[in-house]
Structure formats: C-alpha cells, structure tokens
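Notes follow the structure.
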Amino acid sequence: MLRSFFRCGMKKKHKNAIGFQFYKNRAEYKKVNLKKVMRELLNWFIILFSAAVLGYGFVTFGIQTVHVNGPSMENTLYADDVVLINKIIYRVQSVKRYDVVAIKKMDRDGYFEIKRVVGLPGETVQIVGGKVVIDGMVLDDIPIEDSIMTAGLAANPITLSDNEYFVLGDNVNNSEDSRYANMGTIMKSEIKGKVFYRLLPKESKGKIR
C-alpha cells in the first residue's frame with residue numbers, strides 16, 4: 001500500500017483528495033513545510049523591521065517623552081515630571097506666544113530646556129518694573145504670576161530678528177532663560193517641539209497650558 005503524508009488544507013493535489021493535501025513521500029512534505037516556515041519567518045522579520053523604523057521615525061519626527069529638569073517651570077511643571085513633546089507641529093504652523101516649548105541649545109548637553117515663549121520674531125522685548133513689555137505695551141495676560149525681580153539682558157530693549165524668540169521660565173525668579181547670556185534668545189532651529197501633555201506623575205497628568 002502506498003504510504004502518503006497529508007495535512008488539512010483548502011488545496012488539493014489529486015482528484016480524490018477533497019479537503020486534504022497528499023504528499024508522495026516524506027521528502028516532499030519536508031520541502032513544503034520548510035518553505036512555509038521560511039515564509040513565516042520572512043513575514044515576521046518584515047513586521048519587526050517596519051516597527052523599528054516606524055518607532056525611530058516616531059521618536060525622531062513625531063512624539064517624544066521628556067523628563068523635566070530643575071524648578072524653572074514651577075508651578076506649571078516640576079522637576080522629574082514626564083511630558084510629551086510634539087515635534088511635528090512647528091513644521092506646519094508657527095510658534096505662538098505663551099507656547100511651552102522644548103529647547104535644545106547647540107552648545108549644551110543633550111537634555112531639553114523647557115521654557116515659555118514670550119517674545120516673537122520682529123518684536124522688541126524689555127522688562128520694566130517687573131513686567132514684560134512688547135513693542136511698548138505691557139503683557140497683561142502673561143501666565144506668569146510673580147513680578148520679575150531681575151530684568152537681566154532685557155533691562156534694555158531687545159529686538160528679535162527673523163526666527164528668533166524670547167523665552168522665560170514660569171518660575172521667573174528662579175529660571176535661567178533669555179534674560180541671561182548663558183541662554184540668551186532662542187532660534188527657531190533650537191525649538192524642538194511643543195510641550196503639550198504631562199504623563200507623570202499620574203495624579204497631575206493632563207494638557208499643558
């Protein structure tokens with residue numbers, strides 16, 4: 001009697017093999033099975049490779065988590081908070097006043113500085129009597145509660161060029177920002193994204209305003 005090896009399937013190799021696929025010998029079975037295994041392995045490799053590429057692109061060009069360093073953004077953000085930054089948004093729209101942004105200065109370590117945008121390109125910024133003055137007008141709606149004790153470089157008018165921004169920390173009297181030469185004004189190329197959501201701690205998670 002002819003010995004055959006078979007497996008369930010929708011295909012048929014012989015007229016009488018309805019619902020089953022028969023193999024003439026063990027070698028044929030092993031050959032077909034090996035092809036199937038190799039095809040499955042190739043599919044998994046493609047899936048994993050695609051996921052790695054998409055993941056890298058997501059972090060590089062999309063959304064990234066960042067840890068907050070230091071107290072300069074209190075009471076909006078605190079040290080060791082984990083926030084999300086949108087790295088795409090400023091490719092399609094301009095930076096707006098009061099946006100909280102992630103900054104990476106070329107001459108500093110790899111961590112992000114997080115500050116609030118106050119002055120926009122083409123404006124003249126000055127700090128007078130503890131208030132921020134833009135083009136001669138006091139910013140009454142600025143989301144910074146404290147009176148600014150140190151004007152720093154902004155004691156004199158600073159006119160911002162194209163793609164140049166003036167930033168402050170919300171904890172304005174304990175923040176190294178555009179008032180100081182160590183940071184100075186910020187170029188748009190140094191703004192890596194908008195800080196839009198706090199992930200951790202869980203009890204404080206939510207949108208950043």
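Just so it is clear, none of the values below were taken in a lab; they were calculated from the coordinates. The structure presented is a predicted model; accordingly, all values stated were derived computationally and were not measured. Using ideal geometry, Cβ is built from the backbone for each residue, glycine included, and neighbour counts are taken over all protein chains shown.
Starting with the highest mean, order 145-156, 198-209, 69-80 by the number of other Cβ atoms within 10 Å, averaged over the residues of each peptide.
Order by mean packing, descending: 69-80, 145-156, 198-209.
Give me the one-decimal nm value for the distance between modelled label points at residue 67 and residue 145, 7 Å along each residue's Cα-to-Cβ direction.
Going from the residue 67 label point to the residue 145 one covers 2.8 nm.
Short version: ³J(HN,Hα) in whole Hz for each residue of the stretch 86-102, in order, from phi by Karplus 6.51 cos²θ - 1.76 cosθ + 1.60 (θ = phi - 60°), x for Gly and Pro, what are they?
Computed from phi, the couplings for the stretch 86-102 are 8, 8, 9, 3, 7, 7, 10, 8, 7, 5, 10, 4, 6, 4, 8, 10, 9 Hz.
In the stretch 60-104, whose amide N lies under 15 Å from the spot 7 Å out along Cα-to-Cβ of residue 189? List them in ranges.
Counting backbone N atoms under 15 Å from the label point, the list is 104.
Distance from the Cα centre of the stretch 131-150 to that of the stretch 66-96, in angstrom?
Cα centres, the stretch 131-150 to the stretch 66-96: 21 Å.
Using 1/(1 + (r/R0)^6) with R0 = 35 angstrom and r between the beta carbons of residue 42 and residue 104, what's the FRET efficiency to the nearest 0.05?
Rounded to the nearest 0.05, the efficiency is 0.35.
Which links in 131/194; 87/207; 105/202; 96/192 stretch past 21 Å when you go from one Cα to the other?
Check vs 21 Å cut-off fails for 131/194; 105/202.
Choose one of 197, 183, 155: the residue whose Cα lies farthest towards the positive end of the charge dipole of the stretch 134-209 (beta-carbon charges +1 Lys, Arg; -1 Asp, Glu; about the Cα centre).
197
Between residue 138 and residue 88, what is the FRET efficiency for a Förster distance of 30 Å, r being their Cβ-Cβ separation, to the nearest 0.05?
0.35
Between residue 204 and residue 162, what length in nm is gained on full extension when 0.36 nm per residue of separation is reduced by their alpha carbon distance?
11.5 nm
Per residue of the stretch 67-81, what does 6.51 cos²θ - 1.76 cosθ + 1.60 with θ = phi - 60° give for ³J(HN,Hα)? Whole Hz please, x for Gly and Pro, Karplus curve as stated.
Values, residue by residue: 8, 6, 10, x, x, 5, 9, 5, 9, 7, 9, 10, 3, 6, 4 Hz.
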